[in-house]
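*Asks:* Structure in structure tokens, see below.
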Amino acid sequence: MTVADSHRAVEAVWRIESARVIAALARMVNDIGLAEELAQDALVAALEEWPRNGVPDNPGAWLTLTAKHRAIDQFRRRDTYQRKLQEIGRDMELRQEWAEAELDDALDDHIGDDLLRLIFTACHPELPVEGRLALTLRLLGGLSTAEIARAFLAPEPTVGQRISRAKRTLADKQIPIELPPPAELPARLASVLEVIYLIFNEGYAASAGEDWIRPALCQEAMRLGRVLAGLMPSEPEVHGLLALMEIQASRIPARTAADGTPILLPDQDRSRWDRLLVRRGLDGLRRAEELGTLGPYGLQAAIAACHARALTPQATDWARIAALYRLLAHLTPSSVVELNRAVAVGMAHGPERGLEIADALLDERTLRDYAHLPAVRGDLLARLGRTAEAAAEFRRAAGLTRNTRERELFQQRAAGLDQGSPPASSS
């Protein structure tokens, strides 16, 4: 194996194993920042040793054991050595047998708990949303600061500062690396699910930049969702979110043309939808339904399933979608949910009914700079034959969006209406 091959192998192992390594170390040292530093030290050691000796049979265990040895060395050199030993519940001499026993313990019975602790800590409500996103992708996605910066179109120093501030906040506020008490679990789980879905949404419909879709972010969010579903198999909303992401992601191959131009839902070639992801998503939705009443993510998955089950746009059960949006609006009232309901009602019961709902949102402060409000109104107005008003709405939407592809789409819709082209539903 060449040095280049070894380095690629190290990078692949790191992407897969880094979360488990950091989780095991965090349980040992009770400090996420220190755990990540130790894991990075082990990564450097792998880059030096594996090209010479080959990739070990169990690379994740090798990384964890190497990092733990470095932690032990650090504790030896510190005045706080004895206190640290007591904190991790060890009252024996540090020796190889102790380290290996601790490693076996971390990789066996406790690894699920360790990952859960890491997920809940990285998504702690004390952190701002931007910090939670960056820290989650760094610790659980294995992404570098540069990769996160590229994914969110943010300067690399800014992302680095967000990660550093998040780790410093956790340390300064002495937030323990542990699972929340049962009474706090629902609220804390909501924060975790929110972070994962925010990552997915930024990949599915990028808020800014040249690309409409960033599939790598969708893949990372689904991977995190699958990890969480494996760790919390009895939580219906975990399965609901994963189902929602998988069903939506199934459309990605059909959402853009070869040149990156967006293709709206009614115009997509449904034979290009990923049917494996559709089946997985529908199975996950059934699992969520079996576990209890659907929550917000489960209801959104049920809406996505209506599209997935329709072989043609005309076969879509818009009346069911409108009813599901009504339930979702009752469960989690928001202006964006109400706007989506306007689209569904407009398709199920006519554009006049949909426009009434959309018009009622014009004074909502949260939608003041939201490009999709004028876009939805533009579509409904076009279907009513009010083309001049519709074109003006699409031009307004184009001025509000920060995504280049979306801006071009809205501009094309406006130009088509100016030229008397027939309306096409937006999605």
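*Asks:* Taking segment 1-18, which residues are acidic (Asp, Glu) and farther than 18 Å from Leu137 by Cα?
*Replies:* Initially, segment 1-18 is screened for residues acidic (Asp, Glu), giving 5, 11, 17.
Residue satisfying the conditions is Asp5 alone.
*Asks:* Where in segment 152-240 are there helices (runs of 4 or more DSSP H), lying fully within it, with 3 or more residues that are basic (Lys, Arg)?
*Replies:* Details: elements: 156-172, 185-204, 215-231.
Here the list reads 156-172.
*Asks:* So which residues in segment 19-75 are within 12 Å of Leu139 (Cβ to Cβ) and of a type in the set (A, V, I, L, M, F, W, C)?
*Replies:* Within segment 19-75, Ala19, Val21, Ile22, Ala23, Leu25, Ala26, Ile32, Ala35, Ala39 meet the criteria.
*Asks:* Are any residues in segment 239-278 among the β-branched types (Val, Ile, Thr) and more than 26 Å from Glu289 (Cα to Cα), and if so, which ones?
*Replies:* Scanning segment 239-278 gives Thr256, Thr261, Ile263.
Conditions (1) assigned to a helix (DSSP H, G or I); (2) modelled with pLDDT under 90, marked per residue:
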{"residue": "Leu38", "(1), (2)": "yes, no"}
{"residue": "Val44", "(1), (2)": "yes, no"}
{"residue": "Gly60", "(1), (2)": "yes, yes"}
{"residue": "Asp79", "(1), (2)": "no, yes"}
{"residue": "Leu85", "(1), (2)": "yes, yes"}
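*Asks:* While we're on this one: Need pairs with beta-carbon distance below 7 Å; first residue in the same structural domain as His349 (by TED's automatic domain parsing) and within segment 377-398, second of a type in the set (S, T, N, Q) and surrounded by fewer than 20 Cβ atoms within 10 Å (Cβ to Cβ); sequence gap 6+ or separate chains.
*Replies:* Matching pairs, first to second residue: Asp379/Ser425; Ala398/Gln411.
*Asks:* Additional query: Looking for whichever is at pLDDT 95 or above, in contact with an Asp or Glu (Cβ under 6 Å, 6 or more places away or on another chain) and among the hydrophobic types (A, V, I, L, M, F, W, C) here; the options are Ala398, Ala382, Ala391, Ala375. Which one fits? Working first, answer last.
*Replies:* On the way: Ala398 fails: in contact with an Asp or Glu (Cβ under 6 Å, 6 or more places away or on another chain); Ala382 fails: in contact with an Asp or Glu (Cβ under 6 Å, 6 or more places away or on another chain); Ala375 fails: in contact with an Asp or Glu (Cβ under 6 Å, 6 or more places away or on another chain).
After applying the criteria, what remains is Ala391.
*Asks:* Still on this structure, I have one more. Output the number of the condition that Leu224 fails; it satisfies all remaining conditions of (1) in contact with a helix residue (DSSP H, G or I) (Cβ under 8 Å, 6 or more places away or on another chain); (2) modelled with pLDDT under 90; (3) assigned by TED's automatic domain parsing to the domain that holds Arg251.
*Replies:* (2)
One line per residue, one yes/no per condition, for (1) within 24 Å of Arg20 (Cα to Cα); (2) of a type outside the set (Ser, Thr, Tyr); (3) buried (at least 17 other Cβ atoms within 10 Å of the Cβ):
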{"position": "Pro176", "(1), (2), (3)": "yes, yes, no"}
{"position": "Ala183", "(1), (2), (3)": "no, yes, no"}
{"position": "Leu189", "(1), (2), (3)": "yes, yes, yes"}
{"position": "Leu217", "(1), (2), (3)": "yes, yes, yes"}
{"position": "Glu237", "(1), (2), (3)": "yes, yes, yes"}
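*Asks:* If the requirement is being over 22 Å from the mean Cα position of the chain (by Cα) and within 28 Å of His349 (Cα to Cα), which of these qualifies: Leu311, Leu285, Leu294? Step through it out loud before you land on a result.
*Replies:* Working: Leu285 fails: over 22 Å from the mean Cα position of the chain (by Cα); Leu294 fails: over 22 Å from the mean Cα position of the chain (by Cα).
From the options Leu311, Leu285, Leu294, the qualifying one is Leu311.
The values are calculated or read from the model by the stated rules, or taken from the named source; none is laboratory data. Not measured: the values here are computed from a predicted model. A quick note on method: Cβ atoms are made from the backbone with ideal geometry, for glycine too, and the neighbour counts reach across all protein chains shown.
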